[in-house]
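Novice: What follows is a structure written as structure tokens; I'll ask about it next.
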Amino acid sequence: IEVKPALNIAGLAVGYGGVPAVRDLNAHVRAGEILALLGPNGAGKTTTLLASVGALPALSGTITALGEPLDRRVEANARRGIILVPDSRGVFHRLSVDDNLRLARRKHGPSVDDVFDYFPALRSMRSRRCGTLSGGEQQMLALAKALLCAPKILLVDELSLGLSPIAVEGLLPRLRQIADDQHMAVVLVEQHIELALSIADTAVVLHHGRSVMSGSATELRGRRDMVEAAYFGSV
Ligand code: ATP
């Protein structure tokens, strides 16, 4: 049986002030799968994520999420389970871990205890002010907050920004586990190509707003030289 994608991007153009930063983009991700969006700075990765949650309107093309066209309102999409973790993480530095989580908690979503199961290290930091956590711990908190929103499609922007490679190596497999357990579709923007491909099912490489390479993560891992060339726009 053909499983329909949770998120389907078809012929998308999106940008700023009517000027496209992304053009002709086709990509999709199914429930339980991870799509890695790769590419150098300015390639259009964040722009694609913003369009996927309805924060930027499509100039052309369509985005279908959970079987319906994306709503024009971010809040409406969030209520349907389309959740973005921004690269700024969106945690409140002056509040405790517990208060950060309590603020994110939804009536019909999982409990704080449920999300601690994925990030047990956070449990012992409940009363700590978020500003005193390490970058990796703050990122765990950002992911935990997102999980409280009961995502069906989770879009994660540069999880690894400012983190040590060890912290990233700890976090990415957790995301894989969450996608598997929760049957969640994940779109991951990531600078660490190898790490991203090691947990993703499929990947798209963007350059100057266009998809220059795409395929299964296994396929792209076997063509690392091509992926690197795609980064520099020489494909
Ligand atoms: P990065 O890793 O630097 O975030 P990215 O692949 O996420 O890179 P985007 O942030 O999507 O890239 O940017 C794509 C293009 O859109 C870039 O040329 C960028 O300068 C432009 N851009 C991004 N945000 C805006 C904005 N608010 N207004 C105008 N142009 C923007």
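The values are calculated or read from the model by the stated rules, or taken from the named source; none is laboratory data. Every value quoted in this text rests on a predicted model; they were computed, and no experiment measured them. When we count neighbours, we look across all protein chains shown, and the Cβ atoms used for this are built from the backbone with ideal geometry, even at glycine. In case anyone asks, the SASA skips ligands and DNA or RNA and just uses the protein heavy atoms, side chains included. Shrake-Rupley method; radii C 1.70, N 1.55, O 1.52, S 1.80 Å.
Novice: Quick check on Arg106: is it out of contact with any Gly (no Cβ under 7 Å at 6 or more places or on another chain), closer than 30 Å to Pro69 by Cβ and at pLDDT 95 or above?
Specialist: Criteria not met by Arg106.
Novice: Something else: Would you say Pro69 is open to solvent by 30 Å² or more (accessible area, probe 1.4 Å) and within 18 Å of Leu7 (Cβ to Cβ)?
Specialist: yes
Novice: Are there any pairs with C-beta distances below 6 angstrom linking a residue in region 4-30 that is over 11 Å from Thr64 (Cα atoms) and without any contact (Cβ under 8 Å) to a residue 12 or more places away in the chain to a residue that is open to solvent by less than 40 Å² (accessible area, probe 1.4 Å) and within 11 Å of the ligand (Cβ to nearest atom), with the two at least 6 apart or on different chains, and if so which?
Specialist: Short answer, once both residue conditions are applied: none.
Novice: Is it the case, given these coordinates, that Ala144 is open to solvent by less than 30 Å² (accessible area, probe 1.4 Å), closer than 27 Å to Ala10 by Cα, of a type in the set (Gly, Ala, Ser) and not in a loop (DSSP other than H, G, I, E, B)?
Specialist: Against the criterion (open to solvent by less than 30 Å² (accessible area, probe 1.4 Å), closer than 27 Å to Ala10 by Cα, of a type in the set (Gly, Ala, Ser) and not in a loop (DSSP other than H, G, I, E, B)), Ala144 does not qualify.
Novice: Output the strands (runs of 3 or more DSSP E) that fall wholly within region 168-226 and possess 2 or more residues being free of Cβ contacts under 8 Å to residues at least 24 places away in the same chain, or say none.
Specialist: Correct list: 210-216.
Novice: Could you tell me whether any residue of region 195-206 is in contact with a strand residue (DSSP E or B) (Cβ under 6 Å, 6 or more places away or on another chain) and open to solvent by 20 Å² or more (accessible area, probe 1.4 Å)?
Specialist: The answer is yes, given that some residue of region 195-206 is in contact with a strand residue (DSSP E or B) (Cβ under 6 Å, 6 or more places away or on another chain) and open to solvent by 20 Å² or more (accessible area, probe 1.4 Å).
Novice: Here is a further query. For region 1-39, give me the residue count where each residue is among the β-branched types (Val, Ile, Thr), more than 16 Å from the ligand (Cβ to nearest atom) and not in a loop (DSSP other than H, G, I, E, B).
Specialist: 2
Novice: Look at region 154-167 and say how many of its residues are in contact (Cβ under 8 Å) with a residue 60 or more places away in the chain and in a helix (DSSP H, G or I).
Specialist: 0
Novice: Which one of these does Arg126 not meet: (1) within 22 Å of Lys45 (Cα to Cα); (2) in a loop (DSSP other than H, G, I, E, B)?
Specialist: (1)
Novice: Scan region 140-187 residue by residue and report those that are within 16 Å of the ligand (Cβ to nearest atom) and either within 14 Å of the chain's Cα centre (by Cα) or on the phi < 0 side of the Ramachandran plot (or both).
Specialist: Leu155, Val156, Asp157, Glu158, Leu159, Ser160, Leu161, Leu163, Val168, Val187
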